[in-house]
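Input: a single structure, listed below in C-alpha cells.
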Amino acid sequence: MDKDKVAEILVEIGTLLELKGENPFKTRAYANGARTIEGLSEPLAKLVAEKRLGEIKGIGAALEQKITELVETGKLKYYDDLKASIPPGLIAMLEISGLGPKKIQAMQKKLGVDSIEKLEAACKAGKVAELDGFGEKTQANILEGIERKRTYASKHLLNDAWLAAEPLLEDLGEINLSGIDWVIVGGESGPGARPMEADWVRQIRAQCRETKTAFFFKQWGGVRKSETGRILDRRTYDEFPKREPALVPEREERLELLSETEPLELAFA
C-alpha cells in the first residue's frame with residue numbers, strides 16, 4: 001500500500017474516533033501522522049522494511065505498528081474493527097454536506113439518530129433545531145444535504161462518463177473532457193484536511209462551461225466542513241448530466257407495430 005492510501009486511512013481513523021467521542025488528542029494524533037506520512041522524502045515501503053519508521057518524529061510505537069501492518073498486508077485489523085463498531089448509518093451521515101463527527105455524535109446522544117432516515121425525520125419534526133449549537137438554519141441545511149445526496153444517487157447512472165476531482169489538492173491545468181458527461185469537484189475534509197484553492201475550482205468550472213460538461217461542486221471541505229459549506233462565487237453548483245427523454249410512439253404507430261408482430265406460441269410438454 002502506498003503512502004497516500006495509508007495517509008487516507010489514518011485520516012479516516014481519526015474521523016471515526018471523533019465520531020465515537022474519543023479523546024481529541026488521540027484523534028489529532030492520526031491526523032498528524034497522516035501529514036507526516038504524506039511529507040516523507042523516502043519511500044514508505046523502504047522505511048518499513050528497514051524498520052526505521054519509528055525514528056521519524058510524530059510516529060509513535062502504536063502508529064508505527066499500524067502503518068507497518070497496512071504497508072505489509074494491505075489491510076489493518078484495528079481499522080476494520082473500528083468501522084464495524086460504529087453503526088453504518090452514522091458513517092453514511094458523514095457524506096451529508098455540512099455534517100461533521102461532532103454534530104452527528106450530538107444528534108445520536110440526544111435524539112437517538114443513527115441513520116439518514118431518522119435524521120430526516122428528526123429534522124422535519126423540528127427536533128434538530130432545538131439542540132444547542134444547531135438552530136433552524138443548520139436543520140434546513142441538513143435537509144438540503146439529504147435531498148442532494150438522494151438526488152445524486154438517483155441521477156448517477158452507470159452509462160454516464162464522469163470525472164471526480166475529489167479531493168482536489170492541486171491545479172490540474174488543462175483537462176481532457178472529451179467524452180466526459182460530468183465533473184465532480186470537492187475539497188478534502190476531516191482532521192488534517194489539506195486546503196483547496198478557489199482558482200483551481202474556477203479553472204475546472206470554466207473548462208466545463210466551454211465543453212458543456214455538467215459541473216457539480218460538492219464542498220470546500222476542511223477540518224470543519226460544516227462551516228466552509230459549498231458556495232462558489234455566491235452560488236451552488238448542482239449540475240447533472242442531461243439525458244435525452246425516451247421517445248414513445250404515438251397510439252397509431254404503436255398499434256401498427258403490434259399488428260406487425262408475430263403472435264407468440266407457447267408449447268407445453
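The values are calculated or read from the model by the stated rules, or taken from the named source; none is laboratory data. All values derive from a computational prediction rather than experimental measurement. Ideal geometry is used to build each Cβ from the backbone, glycine not excepted, and the neighbour counts take in all protein chains shown.
Conditions (1) surrounded by fewer than 18 Cβ atoms within 10 Å (Cβ to Cβ); (2) under 18 Å from SER189 (Cα atoms), marked per residue:
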residue: LYS5; (1), (2): yes, yes
residue: THR15; (1), (2): no, yes
residue: ASN23; (1), (2): yes, no
residue: GLY33; (1), (2): no, yes
residue: GLY60; (1), (2): yes, no
residue: LYS66; (1), (2): no, no
residue: VAL71; (1), (2): no, no
residue: LEU76; (1), (2): no, no
Q) Name the residues in the stretch 46-63 that are without any contact (Cβ under 8 Å) to a residue 12 or more places away in the chain and not charged (D, E, K, R), would you? A) LEU47, ALA49, GLY54, ALA61, ALA62
Q: Would you check which residues across the stretch 87-115 are crowded, with 17+ Cβ neighbours inside 10 Å, touching a residue at least 60 places away in the same chain (Cβ under 8 Å) and not basic (Lys, Arg) and list them?
A: LEU90, LEU94, SER97, GLY98, LEU99, GLY100, PRO101, ILE104
Q. So which residues in the stretch 84-129 are under 17 Å from the mean Cα position of the chain (by Cα) and either of a type in the set (Gly, Ala, Ser) or assigned to a loop (DSSP other than H, G, I, E, B) (or both)?
A. GLY89, ALA92, LEU94, GLU95, ILE96, SER97, GLY98, LEU99, GLY100, SER115
Q) Of the residues GLY179, GLY192, GLY187, which is of a type outside the set (Ser, Thr, Tyr), within 18 Å of the chain's Cα centre (by Cα) and modelled with pLDDT under 85? A) GLY192
Q.
Looking at ARG234 and the list (1) under 28 Å from ILE142 (Cβ atoms); (2) modelled with pLDDT of 90 or more; (3) of a type in the set (D, E, K, R), which single condition is not satisfied?
A. (2)
Q: Kindly indicate the residue of the stretch 131-164 that is modelled with pLDDT of 85 or more and of a type in the set (A, V, I, L, M) and also surrounded by the most Cβ atoms within 10 Å (Cβ to Cβ) among those meeting that condition.
A: ILE142
Q. GLU38 versus (1) modelled with pLDDT under 85; (2) assigned by TED's automatic domain parsing to the domain that holds GLN139: which is the lone unmet condition?
A. (2)
